[in-house]
Amino acid sequence: MFASTHLATLILICLGAIGGTVATLTPLPLPFMLGSLIVSAAVAIMAAHRLPAGYLFPQPLRLVFIAAIGVMIGAQVTPDLAALIPSMAISLAALTLFVGLAHAGNFAIFHHLGGYDRSTAFYSGTPGGLMESIAMGEDAGADVAVIGLQQFLRIILVITFVPVGLSLWYGAPVGSAGGASLAPAQTGLSELPLVAVAGGAGLWLGLKFRLPAGQLTGPLFVAAVMSLSGIGAPALPDWLIHAAQVVIGTSLGLRFTGLARSDMMRALWLGLISVTAMLALGTVLALAVHQITETAFDVALISLAPGGVTEMALVALSLNANPAIVSANHIYRIILTVIEISILARIRRYRDNSL
């Protein structure tokens with residue numbers, strides 16, 4: 001067993017960094033995120049007993065690096081972005097259709113095919129709002145462990161499949177798999193104070209006012225204001241971007257701790273069916289958005305892919321797609337999903353109480 005929580009965290013991050021570095025030698029997209037995720041998931045499944053009792057990855061550490069990603073995204077918001085806003089009306093309409101159809105399809109997969117009870121299937125199948133789904137599912141008496149596993153698998157499978165699918169679509173490796181860098185040229189240590197100011201102020205803003213995905217959107221907003229006002233666009237060096245991916249990937253992989261392998265295998269094949277169906281739906285809608293608005297297909301697809309805001313923003317950055325537009329679409333998806341499940345949950349409670 002690791003001697004302390006701090007030592008365990010340090011060792012896990014080091015192992016994640018090693019996994020990420022090894023992954024750079026493969027065609028794996030987002031190598032630092034997915035490599036660290038694979039390593040930490042292996043620890044969670046096979047060596048969880050060596051972690052301190054009740055170990056949880058430190059949330060403050062994860063928040064700092066998510067904030068860094070938010071700063072990087074916000075810095076890309078420029079006046080030219082305003083010209084793209086009219087085209088978002090179509091993508092937002094497509095997202096509205098996507099949320100309803102994806103949730104209905106997932107419920108059918110998890111309840112009728114997977115055998116989950118209705119409440120567990122309902123909250124496992126939401127195409128967004130991970131923490132809200134877990135919290136509301138617990139209130140409804142659903143199996144929270146199953147909900148969490150299916151929701152985390154949704155995010156993990158999406159951030160794996162989307163870059164690979166786009167690489168096959170274009171016939172060549174894209175983004176990080178093709179050697180793309182996420183950092184601006186000649187970014188040095190002199191940029192870090194500006195990054196720290198934007199990240200710290202944005203994190204406080206996002207959490208204080210409970211913005212959707214506030215740990216990401218708060219820093220994004222502050223960095224965008226700094227960029228648009230002429231104060232300066234904060235720029236992150238490559239090593240910091242890689243570190244952020246390692247920390248986020250490591251924390252995601254540890255979500256597998258304490259789950260039975262049979263439950264994980266069941267959740268995995270159901271997750272594969274669910275994510276495949278959602279990505280097929282997203283692809284159809286993305287093609288429609290592309291044809292109607294001339295939005296780049298990869299931007300439209302990433303905007304419709306049901307991953308987490310932070311993770312899909314990283315995918316967008318890796319593929320050199322517009323992360324600000326992608327993040328805006330995903331924030332809308334999450335807000336819409338939370339509204340949808342809130343309304344449907346109230347309808348279900350009313351119906352059950354009237355029986």
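The values are calculated or read from the model by the stated rules, or taken from the named source; none is laboratory data. Treat the numbers as computed from the prediction; the structure is a model and nothing was measured. Neighbour counts are summed over all protein chains in view; Cβ atoms, including those assigned to glycine, are modelled from backbone coordinates with ideal geometry.
Here are the numbers for the structure shown:
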{"item": "Residue in the range 84-92 that is of a type outside the set (Asp, Glu), at pLDDT 85 or above, surrounded by 22 or more Cβ atoms within 10 Å (Cβ to Cβ) and over 21 Å from Gly214 (Cβ atoms) present", "result": "yes"}
{"item": "Those residues of the range 271-307 which are outside any helix (DSSP H, G or I) and on the phi < 0 side of the Ramachandran plot, in sequence order", "result": "Thr295, Ala296, Ala305, Pro306, Gly307"}
{"item": "Residue match in the range 285-297 (condition: farther than 21 Å from Gly148 by Cα, out of contact with any strand residue (DSSP E or B) (no Cβ under 8 Å at 6 or more places or on another chain), modelled with pLDDT under 85 and not polar (S, T, N, Q))", "result": "yes"}
{"item": "Near pairs, Cβ below 6 angstrom, 6+ apart or cross-chain, from the range 231-260 (within 20 Å of Ile155 (Cβ to Cβ)) to any residue that is hydroxyl-bearing (Ser, Thr, Tyr) and assigned to a helix (DSSP H, G or I)", "result": "Val246/Ser36; Gly249/Ser36; Thr250/Ser36; Thr250/Ser40; Gly253/Ser40; Leu254/Ser40"}
{"item": "Which numbered condition Leu211 fails, given (1) within 18 Å of the chain's Cα centre (by Cα); (2) surrounded by 17 or more Cβ atoms within 10 Å (Cβ to Cβ); (3) assigned to a helix (DSSP H, G or I)", "result": "(3)"}
{"item": "The range 99-130, subset in contact with a helix residue (DSSP H, G or I) (Cβ under 6 Å, 6 or more places away or on another chain) and not in a helix (DSSP H, G or I), residue modelled with the lowest pLDDT", "result": "Gly129"}
{"item": "Some residue of the range 261-269 being surrounded by 18 or more Cβ atoms within 10 Å (Cβ to Cβ) and either over 26 Å from Pro31 (Cβ atoms) or hydrophobic (A, V, I, L, M, F, W, C) (or both)", "result": "yes"}
{"item": "Matching residues in the range 229-248 - criterion: being in contact with a Leu (Cβ under 9 Å, 6 or more places away or on another chain) and either more than 14 Å from Thr310 (Cβ to Cβ) or of a type in the set (Ser, Thr, Tyr) (or both)", "result": "Ile231, Gly232, Ala233, Pro234, Ala235, Leu236, Pro237, Asp238, Leu240, His242"}
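For (1) in a helix (DSSP H, G or I); (2) more than 16 Å from the chain's Cα centre (by Cα); (3) buried (at least 22 other Cβ atoms within 10 Å of the Cβ), each residue gets a yes or a no:
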| site | (1), (2), (3) |
| --- | --- |
| Phe221 | yes, yes, no |
| Ala224 | yes, yes, yes |
| Leu228 | yes, yes, no |
| Gly232 | no, yes, no |
| Leu236 | no, yes, yes |
| Ala243 | yes, yes, no |
| Val247 | yes, no, yes |
| Leu252 | yes, no, yes |
| Arg255 | yes, no, no |
